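First comes the structure, then the notes that go with it.
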Amino acid sequence: MTFHPTNNPVFWKQTAEELLAAARFEKALAAYHQLCELTPNDPDAWRGMAQALAGLERHGDAVAAFERALILLPDDRAVLAGLADCYEALGAFEKMTACRIRLGELD
């Protein structure tokens, strides 16, 4: 196998994280999409994708990505908090409350 950045998850993770930190959400989303394809069981990749989607105010899509991350990492505070924020933006207050209660249980 020849090294090429397009099939290197480390390249995509670094790129995606830098773009997300710079609030370049469209480009971060594209990088996280590549990363999720290469590492579908990486909760950090799904969390990052969800954060990029939330930054683009695509809250419904962000919920799906946060839920995928939550399946892989059930007690992740950042995932639960992001999921709660998206539910709030969508007006799904019961689901938002459930996430906030779960966050409280983790303390």
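Some notes on this structure:
- Members of the stretch 31-79 that are closer than 17 Å to ALA21 by Cβ and either among the β-branched types (Val, Ile, Thr) or out of contact with any Gly (no Cβ under 9 Å at 6 or more places or on another chain) (or both): ASP44, ALA45, GLY48, MET49, ALA52, GLY55, LEU56, ALA78
- Pairs where the first residue, in the stretch 34-46, is without any contact (Cβ under 8 Å) to a residue 12 or more places away in the chain and the second is outside any loop (DSSP other than H, G, I, E, B) and acidic (Asp, Glu), C-beta under 8 Å, 6+ apart: none
- Taking each residue of the stretch 65-84 that is within 8 Å of PRO43 (Cβ to Cβ) and looking for partners that are small (Gly, Ala, Ser) and not in a loop (DSSP other than H, G, I, E, B) with beta-carbon atoms closer than 6 Å, six or more apart or interchain, yields VAL79/ALA69.
- Those residues of the stretch 82-99 which are loosely packed, with under 14 Cβ neighbours inside 10 Å and either under 16 Å from ASP61 (Cα atoms) or not acidic (Asp, Glu) (or both), in sequence order: GLY91, PHE93, THR97
- Residue pairs meeting the criteria (Cβ under 7 Å; at least 6 apart or on separate chains; first part of a helix (DSSP H, G or I), in the stretch 85-98; second basic (Lys, Arg) and modelled with pLDDT of 95 or more): TYR87/LYS95
The values are calculated or read from the model by the stated rules, or taken from the named source; none is laboratory data. Please read these numbers as outputs of a predicted model, since none were measured by experiment. Positions of Cβ are generated from backbone atoms using ideal geometry, with glycine treated the same way; all protein chains shown enter the neighbour counts.
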